[in-house]
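The values are calculated or read from the model by the stated rules, or taken from the named source; none is laboratory data. Remember, predicted model here, so these are calculated numbers, not experimental data. Cβ coordinates were reconstructed from backbone atoms using ideal geometry, including for glycine residues, and neighbour counts include every protein chain displayed. For the accessible areas, the whole protein counts, side chains as well, though only heavy atoms, and no ligand, DNA or RNA atoms are used. Shrake-Rupley method; radii C 1.70, N 1.55, O 1.52, S 1.80 Å.
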Amino acid sequence: MIFKHDILIVGAGLAGLRAAVEMAGIADVALISKVFSTRSHSGAAQGGIAGSLGNEEPDSWEWHMYDTVKGGDFLTDQDAAEVLAKDASRAIYELEHMGVPFNRTPAGTIAQRAFGGHTRDFGKAPVKRACHAADRTGRVIMDTLYFESLRKGIKVYEEFYLLDLIMKEDKVAGIVAYELATGAVHVIHSRVVLLATGGFGKVYKTTSNCFANTGDGVYLAYRAGVPLEDMEFVQFHPTGIYGMGVLISEAARGEGGILRNAKGERFMEKYAPNLKDLAPRDVISRAIYEEIREGRGIDKRDFVHLDLTHLGKERLATKLSEISSFVRIYLGLDPDKDLIPVQPTCHYMMGGIPTNLDGQVLDENQQVIQGLYAAGECACVSVHGANRLGCNSLLDLVVFGRRAGKKIIQELESLAFASLPDQSDKSTLTKIERLKRRQNGEKAGALRTEMQETMTAYCSVFRNKKDLNKALDILKSLMERYENVVIDNRGFRFNTDLMEAIELESLLNLSYIILVSAMTREESRGAHFREDYPERDDQNWLKHTLNRKTENGYRLFYKPVTVTRFEPKPRVY
Ligand SMILES: Cc1cc2nc3c(=O)[nH]c(=O)nc-3n(C[C@H](O)[C@H](O)[C@H](O)COP(=O)(O)OP(=O)(O)OC[C@H]3O[C@@H](n4cnc5c(N)ncnc54)[C@H](O)[C@@H]3O)c2cc1C
């Protein structure tokens, strides 16, 4: 079928939903999501959303901006960080007025807690900046925005997969989508496409991300000729449950939790004397691996302990109830009495689709691509630079999701429907047919596991040329083997086997781009740490990486970082 809408949003996380709320009722807005909307990964966000409300302690947006820039190891575009920090309080009060049930202070204002890298007075000491609803912050914001967008009348196509972007003469004409329930392939003709497809933590074996985070939107934009920005910067969150990757929110340390090595030492005192367990994530993840390498992992193994035993039953029950239940269910431990085994887990992608401050996607000449927008984790504004601070993503989603929505409405009049090219769904139909017809080959699951293990072994918290080369060789062969991928299910209804095989194409290509970008950046900055180039090198590398698809491979090029208020300085925590 061919559907027609003025504006099509792909993705029902908070970025997509916040944009939807802004545009609903003004234009004909439709949204597709490959998982049922409220199951989007945003719903799993635990710790909070950052804003200098100053409800618990004095705070200011300048301090928040500074922390964001410093946290990003000065790769952050400072105009973007300024927008983020300045708009935060407004954005949070707006959510409150929509009905988000934030925790309260005794005075009845929105409660706030400490979070990694958020400080007062330009780095002097931790500040309470994270607004939260216990440790279910994403869940409550998600439900509020979802109902708000339905109430305002947007059309939602649940469990529709974006499989292709339709471009006509460098303009967006719409998308090709696959309906999971029936197996039908549809064309959605639109004047605007807003990509809000989230991250792609599933390139790694150990990750806090949900199964849907396979980066389809990012890869499809790349395939359509959009360069991808800063793909080497992958965040590892220090406290995933050992062996599973399930997240124990930084809120646990915000509430006073402490990391300990095999000797019971609070080892972060050594690595970040000032902020200790509330240093940014890149610093703590590296510290954990240092401890493990030097033989101070628990039982000489590859994990350390998170100690919450001193927080008390009541605090665990009221402020950290969700993660306490994870510890009980997944580990059979009681966080009130037992130490929790943790190890870094792939958590967030700083890189993605380059946009300006209004969500407009930029081509290789930094020109706006007509009708194409991106917001949320799939986008790179770049507000998080080389390392995102905790609680700044939820803020990014609602601030830049709203800005994208506003800009689309402003521009809509000048964006006519581009005529659909003939048979715009042909290549998608052929791809599906081919997959269904192929009889001999390898299963997607086996290839995916090999890819995830490779990325985890050779391109995680520490990187070096030798390992990256090894990983590139393996990835190349996996991409060749992918040409012969087979599926078992040739049916039409709920064919997740088919979808997983298609998602693997995105994962493999994005892994490859991460590796190439990581190999090229010969310095250490934020989450990208090269053992063979352990220093930050502002002289040569204070610039964003861009990677564009070409006919015979890819082309890497660079663009400058926007520096406005804060000159790059060495980071000390
Ligand atoms: C466990 C966990 C806890 C976190 N806690 C916090 C926190 O406390 N504070 C904070 O600031 N950040 C937190 N983060 C980060 C933050 O939650 C994410 O960065 C953010 O939710 C991403 O939102 P999004 O709107 O960009 O995309 P998502 O919420 O990931 O949604 C992506 C959407 O795109 C859709 N989609 C994807 N591909 C397709 C396709 N091919 N076709 C159709 N639809 C598609 C999906 O169905 C989904 O609706 C956390 C992340 C994790 C994993």
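Please determine whether any residue of segment 90-106 is in contact with a Lys or Arg (Cβ under 7 Å, 6 or more places away or on another chain) and either in a loop (DSSP other than H, G, I, E, B) or surrounded by fewer than 19 Cβ atoms within 10 Å (Cβ to Cβ) (or both).
no
Which one of 110, 175, 141 is among the β-branched types (Val, Ile, Thr), within 30 Å of residue 445 (Cβ to Cβ) and buried (at least 19 other Cβ atoms within 10 Å of the Cβ)?
175
Inspect all residues belonging to segment 61-72 and state whether any of them is surrounded by fewer than 24 Cβ atoms within 10 Å (Cβ to Cβ) and either basic (Lys, Arg) or within 15 Å of the ligand (Cβ to nearest atom) (or both).
no
Which one of these is assigned to a loop (DSSP other than H, G, I, E, B) and acidic (Asp, Glu): 143, 135, 87, 79?
Residue meeting the stated conditions: 135.
Looking at residue 263, is it open to solvent by 50 Å² or more (accessible area, probe 1.4 Å), within 28 Å of residue 385 (Cα to Cα) and either of a type in the set (Lys, Arg) or assigned to a strand (DSSP E or B) (or both)?
no
Give the residue that is nearest to the chain's Cα centre (by Cα), with candidates limited to residues of segment 179-196 that are within 12 Å of the ligand (Cβ to nearest atom) and either more than 20 Å from residue 501 (Cβ to Cβ) or buried (at least 24 other Cβ atoms within 10 Å of the Cβ) (or both).
196
Search segment 528-552 for residues that are among the β-branched types (Val, Ile, Thr) and pair each with any residue that is in a strand (DSSP E or B) when their beta-carbon atoms are under 7 Å apart and the residues are at least 6 apart or on different chains.
Sorted first by the residue in segment 528-552, then by its partner, the pairs are 545/229; 545/556; 545/558.
Rundown of residues vs (1) under 28 Å from residue 196 (Cβ atoms); (2) at pLDDT 95 or above; (3) outside the structural domain of residue 479 (by TED's automatic domain parsing); (4) hydrophobic (A, V, I, L, M, F, W, C), yes/no style:
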{"residue": "402", "(1), (2), (3), (4)": "yes, yes, yes, no"}
{"residue": "406", "(1), (2), (3), (4)": "yes, yes, yes, no"}
{"residue": "411", "(1), (2), (3), (4)": "yes, yes, yes, no"}
{"residue": "421", "(1), (2), (3), (4)": "yes, no, yes, no"}
{"residue": "431", "(1), (2), (3), (4)": "yes, yes, no, no"}
{"residue": "435", "(1), (2), (3), (4)": "yes, yes, no, yes"}
{"residue": "447", "(1), (2), (3), (4)": "yes, yes, no, yes"}
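Select from segment 479-496 the residues that are part of a helix (DSSP H, G or I) and in contact with a strand residue (DSSP E or B) (Cβ under 9 Å, 6 or more places away or on another chain) and write down the one among them that is surrounded by the fewest Cβ atoms within 10 Å (Cβ to Cβ).
Of everything passing the filter in segment 479-496, 481 is surrounded by the fewest Cβ atoms within 10 Å (Cβ to Cβ).
Specify which of the listed residues (279, 272, 221) is away from the ligand (no atom under 16 Å from the Cβ) and either within 30 Å of residue 354 (Cα to Cα) or β-branched (Val, Ile, Thr) (or both).
279
Looking at this structure, is residue 355 touching a residue at least 12 places away in the same chain (Cβ under 8 Å), of a type outside the set (Lys, Arg), touching an Asp or Glu at 6+ places or on another chain (Cβ under 6 Å) and crowded, with 17+ Cβ neighbours inside 10 Å?
Taking the combined requirement at face value, the residue does not satisfy it.
With respect to residue 452, determine if the residue is under 20 Å from the mean Cα position of the chain (by Cα) and under 30 Å from residue 488 (Cβ atoms).
Answer is yes for this residue.
Take residue 135 and tell me if it is over 16 Å from the mean Cα position of the chain (by Cα), buried (at least 24 other Cβ atoms within 10 Å of the Cβ) and within 11 Å of the ligand (Cβ to nearest atom).
Answer is yes for this residue.
When you scan segment 25-44, do you find a residue that is open to solvent by 30 Å² or more (accessible area, probe 1.4 Å), of a type in the set (A, V, I, L, M) and either in a loop (DSSP other than H, G, I, E, B) or at pLDDT below 95 (or both), even just one?
Checked segment 25-44: at least one residue is open to solvent by 30 Å² or more (accessible area, probe 1.4 Å), of a type in the set (A, V, I, L, M) and either in a loop (DSSP other than H, G, I, E, B) or at pLDDT below 95 (or both).
Tell me which residues, restricted to segment 525-573, are surrounded by 16 or more Cβ atoms within 10 Å (Cβ to Cβ) and in a helix (DSSP H, G or I).
Correct list: 538, 541.
Residue 6 versus (1) in a loop (DSSP other than H, G, I, E, B); (2) more than 17 Å from the chain's Cα centre (by Cα); (3) more than 20 Å from residue 352 (Cα to Cα): which is the lone unmet condition?
Checking residue 6 against (1) in a loop (DSSP other than H, G, I, E, B); (2) more than 17 Å from the chain's Cα centre (by Cα); (3) more than 20 Å from residue 352 (Cα to Cα), the one that fails is (1).
Got a sec? Which of 367, 360 is touching a helix residue (DSSP H, G or I) at 6+ places or on another chain (Cβ under 7 Å), away from the ligand (no atom under 15 Å from the Cβ) and under 23 Å from residue 223 (Cα atoms)?
Exactly one of 367, 360 is touching a helix residue (DSSP H, G or I) at 6+ places or on another chain (Cβ under 7 Å), away from the ligand (no atom under 15 Å from the Cβ) and under 23 Å from residue 223 (Cα atoms), namely 360.
Only one of 50, 125, 80, 85 is within 13 Å of the ligand (Cβ to nearest atom) and either open to solvent by less than 30 Å² (accessible area, probe 1.4 Å) or under 17 Å from residue 144 (Cβ atoms) (or both); which?
One residue alone meets the criteria, 50.
Since residue 1 meets every condition but one in (1) within 22 Å of the chain's Cα centre (by Cα); (2) at pLDDT below 95, which condition does it not meet?
Single failed check for residue 1: (1).
Among the residues of segment 4-17, write down those that are open to solvent by less than 40 Å² (accessible area, probe 1.4 Å) and more than 8 Å from the ligand (Cβ to nearest atom).
5, 6, 7, 8, 9
Exactly one condition in (1) near the ligand (Cβ under 9 Å from one of its atoms); (2) under 20 Å from residue 415 (Cβ atoms); (3) crowded, with 23+ Cβ neighbours inside 10 Å is not met by residue 199; state its number.
(2)
Yes or no: segment 28-39 includes at least one residue that is in contact with a helix residue (DSSP H, G or I) (Cβ under 7 Å, 6 or more places away or on another chain), farther than 30 Å from residue 416 by Cβ, more than 13 Å from the ligand (Cβ to nearest atom) and of a type outside the set (D, E, K, R).
No, segment 28-39 contains no residue that is in contact with a helix residue (DSSP H, G or I) (Cβ under 7 Å, 6 or more places away or on another chain), farther than 30 Å from residue 416 by Cβ, more than 13 Å from the ligand (Cβ to nearest atom) and of a type outside the set (D, E, K, R).
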